[in-house]
Amino acid sequence: MILEGLVTTIDKSGQLHLAPMGPDVEPGFRRFELRPFPSSQTYQNLCESGEGVLHVTDDVLLLARAAIGRIETTPPHRTAEKVRGFVLSGACRAYEFEVRDIDRSQERVRMSCEVVHSVVLRDFFGFNRAKHAVVEAAILATRIHLLPIEQIRTEFERLHVLVRKTGGPPEHEAFDILKDYVESASKEKA
């Protein structure tokens, strides 16, 4: 099962790097597989350190900002317990992990990871259609180089209805940020 989340890694200087990722998780959440692009900072950091932290969160505004590289300030965090890295204080759950195997035989690298420590930080808010719509919009925004712009716009129109009807201020802000990003990117693409 693919679970959308946020991964923190550390760069060569020890600074926090934050990226959205959708790992393939196993039941029991003891192992999972990441599939970063070889050109990504997350990939570079994991090759260097071999460890990081996967976060489960319902903070779709942070997820949206991370998806399009618009993190204005580093979110509150603390040092991880078992790995060299950081745990986001506002996440629901955090899974500290070590990379056990790297398969570079495909375009998307496969990194098999083992959870070495986990912590529950707060309750998950619950299911909400607007939060799901923002996650889908964030995924679409990261695919602007792969999908036709009209397809993305059509999906955004459908998702906007859900956000408008069921979202709160964070979901509306997140959706607006993503929509602006897609429109700017489509102008550059044209």
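Counting neighbouring Cβ atoms within 10 Å and putting the fewest first, the residues V115, V53 line up as V115, V53.
Rounded to two decimals, the Cα radius of gyration of segment 129-189 over 2.2 N^0.38 Å is 1.03. Annotation note: trypsin sites (Lys or Arg not before Pro) in segment 90-139 located in DSSP loop regions with a Cβ neighbour count of at most 14 within 10 Å are R104, R108, R122. A simple count of charges around S39, restricted to other residues whose Cβ falls under 14 Å of its Cβ and scoring Lys, Arg +1 and Asp, Glu -1, yields +2. Of the chymotrypsin sites (Phe, Trp or Tyr not before Pro) found in segment 60-131, the ones in coil according to DSSP and having at most 14 other Cβ atoms within 10 Å of their Cβ are F124, F125, F127. Of all aspartates and glutamates in the structure, the ones whose alpha carbon falls short of 15 Å from that of K165, not counting any fewer than 8 places away in one chain, are E157, E173, D176. Length gained on full extension, D11 to K187: 60.1 nm, using 0.36 nm per residue less the C-alpha separation.
For segment 89-151, applying the loop criterion from DSSP together with a ceiling of 13 other beta carbons within 10 Å to the GluC sites (Glu not before Pro) yields E107. Here is how the number arises for the chain: DSSP H runs of 4 or more residues each give -39500 (n - 2.57), the sum is divided by the residue count, and the result at 222 nm is -11500 deg cm²/dmol.
When the P(r) of the chain is calculated, the portion above 20 Å amounts to 55% of the C-alpha pairs.
Just so you know, all these numbers are worked out from the coordinates, no wet-lab data involved. Predicted, not measured: the structure shown is a model, and the values here were computed from it. Don't worry about glycine lacking a Cβ; one is built from the backbone with ideal geometry, like all the others, and counts go over all protein chains shown.
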